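Trainee: Below are the structure tokens for one structure; questions will follow.
Derivation of every value follows stated rules applied to the coordinates shown; laboratory data play no part. Since the model is a prediction, treat every value here as computed from it, not as a measurement.
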Amino acid sequence: MSNMSAWSGGNETWFNMSLDEYLESQLGPKHLALSTVVPLTVVLLVIFIAGVVGNVCVCLVIIKNQSMHTATNYYLFSLAVSDLTLLILGKFLANQFIFPGKNQSVDLLTQKSK
């Protein structure tokens, strides 16, 4: 990569670094360490499973029990359905609307092996 001059902020010194070095100094590494990725994945998977199971149970209890058909429980039902929708479609929605142009799911499917 080409070298670029960057201002180092407080100490008023100029220095030369490659574009990759500059981006890493400003944004952090491109990839997280495996020791970070594995626990984060486990925590997010537990949150996902607990959210899906819990919200499905709420919906089933409200649907099955006639005594649960009240305005408050209908509101809780709609919240559970909304939560389920975000749990299931959250990754897709984040890729499409929060990070447009970075559709990682499609990138993984279209990558050619080296």
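Trainee: Multiply the residue gap between residue 93 and residue 37 by 0.36 nm, knock off their C-alpha separation, and tell me the result in nm, one decimal place.
Mentor: 18.0 nm
Trainee: Subtracting the Cα-Cα distance from 0.36 nm times the residue separation, let me have the gained length for residue 78 to residue 27 in nm, one decimal.
Mentor: Working it through step by step, the gained length comes to 14.5 nm.
Trainee: Still on this structure: Per q in 0.12, 0.28 Å⁻¹, report the Debye log10 I(q)/I(0) for region 34-101, using one uniform scatterer on each alpha carbon and no solvent.
Mentor: At q = 0.12, 0.28 Å⁻¹ the computed log10 ratios are -0.45, -1.12.
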